[in-house]
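The values are calculated or read from the model by the stated rules, or taken from the named source; none is laboratory data. Please read all numbers here as calculations on a predicted model, not as lab measurements. Ideal geometry is used to build each Cβ from the backbone, glycine not excepted, and the neighbour counts take in all protein chains shown.
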Amino acid sequence: MSLGQIIRDKREALKLTLDEVSHKVGFSKPYLSTIETGKVKNPPSDELLTRLERTLGFESGLLLHIAHLERMPSDVRGIYESREAENQKLRQALRKLAGKHKNKSIDSLLAGTKQEAAVAKSGLAPGRVIPIINRVSAGYPTDFSDLEYPVGVAEDYVRCPDLHDPNAFAVRVVGDSMEPRFHEGDIVVFSPSLEVRSGDDCFIRFTQPHETTFKRVFFESNHKIRLQPRNEQYSPTIMDGRRIDGIYRAVIRYEKL
């Protein structure tokens with residue numbers, strides 16, 4: 001989600017017109033419109049962003065942080081995001097070690113900067129890096145392991161500019177049962193926050209044994225779920241829904257060229 005879209009969505013949620021916001025922040029309506037539509041030639045100043053934060057009720061520092069990220073050259077931003085992902089991994093490990101013991105120094109370290117805290121609290125960001133947690137079998141179910149990483153943390157990441165689910169994850173496809181739409185080596189991103197419907201391509205995690213597979217999902221009667229390959233050379237499998245621990249809908253595919 002772009003900075004402009006975040007601002008427009010917030011303004012509309014508050015039922016404010018551009019004229020009203022323009023009057024409150026002291027900048028012209030046409031200029032604010034170009035920001036919201038992404039047509040602005042010059043990025044908004046920190047002064048305007050600070051005024052918009054106050055006027056629209058954003059967390060202090062949130063719009064500034066998002067704008068500064070958008071201004072970064074793509075190569076620099078990639079380095080920053082990979083470093084931030086590593087920092088998140090270290091913070092998760094420190095939380096685990098700290099346990100229930102309260103320590104002001106540790107709490108301050110885990111909180112990060114004021115702007116990072118604002119982004120974390122709001123859930124808004126100009127896209128996010130998604131952890132690639134493992135490989136998923138586009139064939140028979142295979143043993144699953146998330147490498148024991150906490151949510152949002154992995155060894156490798158893929159950036160998704162328009163995805164904001166903090167629990168989203170990605171996997172690399174293995175096998176050919178989902179061809180011709182998905183091929184071995186493709187990276188597929190799944191969003192646990194989205195509702196799963198019959199016919200969706202999904203990551204399926206089983207309870208016992210701990211296995212996963214990648215199939216189209218169809219909800220049958222009597223708690224039965226049909227796992228349907230896209231490749232017509234493979235037969236569907238009917239599963240008892242109680243054997244399934246999680247079903248997550250595919251939202252983005254990065255194709256291997």
* Any helices (runs of 4 or more DSSP H) falling wholly within the stretch 12-121 and containing at least 3 residues that are farther than 25 Å from Asp156 by Cα and modelled with pLDDT of 90 or more -> 18-25, 29-37, 46-56
* Is one or more of the residues making up the stretch 187-207 modelled with pLDDT under 90, in contact with a Ser or Thr (Cβ under 8 Å, 6 or more places away or on another chain), over 21 Å from Ile132 (Cα atoms) and assigned to a strand (DSSP E or B)? -> no
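Across the stretch 208-256, what is the number of residues that are assigned to a strand (DSSP E or B), of a type in the set (Phe, Trp, Tyr) and more than 23 Å from Pro166 (Cα to Cα)? So that I can check it myself, show each step before the final result.
To start, the set of residues in the stretch 208-256 that are assigned to a strand (DSSP E or B) comprises 211-219, 224-228, 237-240, 244-254.
Now restrict to residues that are of a type in the set (Phe, Trp, Tyr): 214, 218-219, 248, 254.
Then drop every residue that is not more than 23 Å from Pro166 (Cα to Cα), which leaves 218-219.
Residues meeting the conditions: 2.
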* Structure fact -> If we keep only residues of the stretch 185-216 that are surrounded by fewer than 16 Cβ atoms within 10 Å (Cβ to Cβ), under 18 Å from Val158 (Cβ atoms) and not polar (S, T, N, Q), then the residue nearest to the chain's Cα centre (by Cα) is Leu194
* Asked: Within the stretch 217-257, restricting attention to residues that are at pLDDT 90 or above, under 18 Å from Pro192 (Cβ atoms) and of a type in the set (D, E, K, R), which residue is surrounded by the fewest Cβ atoms within 10 Å (Cβ to Cβ)?
  -> Arg253
